[in-house]
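The values are calculated or read from the model by the stated rules, or taken from the named source; none is laboratory data. These numbers were taken from a predicted model, which means no experiment stands behind them. In this analysis, Cβ positions are derived from the backbone assuming ideal geometry, glycine residues included, and neighbour counts consider all displayed protein chains. For accessibility, only protein heavy atoms count, side chains too; no ligands or nucleic acids. Shrake-Rupley method; radii C 1.70, N 1.55, O 1.52, S 1.80 Å.
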Amino acid sequence: MKPVKEATQEDLFCIEQQLGRKPRNVYAIAYRCPCGKPAVVETQPRLEDGTPFPTFYYATCPRLTGAISTLESTGLMTEMNLRLAADTDLADAYAAAHDDYLIVRSALGIDVPEIDGISAGGMPDRVKCLHSLVAHSLAAGPGVNPLGDEALAKLPQWWLEQPCCAVE
């Protein structure tokens, strides 16, 4: 498991700029863009208002999320779903990614029975959201989520055009 960094006030302000709203229940910064700003956060599995929130890894960088949205529009998820249904090795690796997601989230020690066994992005048996899969790949590192890694490899270098946040 990759070490995470507690979010600073500067990080939270940057994330608020990125999202256009106050961030909810940020536990830690799971990945920083090469520009140094937060790009993926770990979010507590229960929001302050009591709502269960299964999306543990949440991409906040607008350049990253925009690039992922563009990739989603290419039909990649349909192609991934077809491969997932036909390739047992890929399906096994994807199921292991689902397990990794659940194990790391449960390590927070916050019991949320409503989302037991639920990860994100369609795992373990379909591809529903590349944003979640890429966020998982960035947070966990290469080799954990095969379809997240594949999508990540297809993205442009989103951080080159502008920084992920104007906060200096």
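Worth a mention:
- Based on the convex hull around the alpha carbon atoms, the range 39-104 presents an average projected area of 5.8 nm².
- Protection proxy ranking of 81-89, 13-21, by the mean of other Cβ atoms within 10 Å over each peptide's residues and highest first, is 13-21, 81-89.
- Counting only protein heavy atoms and a 1.4 Å probe, the chain has 50 square angstrom of accessible area per residue.
- Label point of D89 set 7 angstrom out along Cα-Cβ; within the range 95-137, amide nitrogens under 17 Å from it belong to 95-97.
- Heavy-atom accessible surface of E150, to the nearest 10 Å², is about 50 Å², with a 1.4 Å probe and all protein chains retained.
- Dimensions in Å of the range 85-151 - Rg and Dmax from alpha carbons: 11.6, 36
- ³J(HN,Hα), Karplus 6.51/-1.76/1.60, whole Hz, each residue of the range 49-57, x for Gly, Pro: 7, x, 5, x, 9, x, 6, 5, 9
- Share of carbon and sulfur in the accessible heavy-atom surface of the chain [1.4 Å probe, %]: 53
- P(r) weight above 23 Å for the chain, C-alpha pairs, percent: 37
- Count, lysine Cα pairs under 21 Å in the chain, 8 or more residues apart or across chains: 5
- The chain, helix-only ellipticity at 222 nm - DSSP H runs n ≥ 4, -39,500 (n - 2.57), divided by all residues, nearest 500: -13500 deg cm²/dmol
- Take the Cα of L12, step 7 Å toward its Cβ, do the same at L82, and the gap between the two points is 4.7 nm.
- Inter-site label distance for R126 and Q157 at 7 Å from Cα along Cβ, in nm: 3.7
- Summary of packing: across the peptides 103-113, 34-44, the per-residue average of other C-beta atoms within 10 Å ranks them, highest first, as 34-44, 103-113.
- If you sort Y101, Y58 by accessible surface, 1.4 Å probe, largest first, the order is Y58, Y101.
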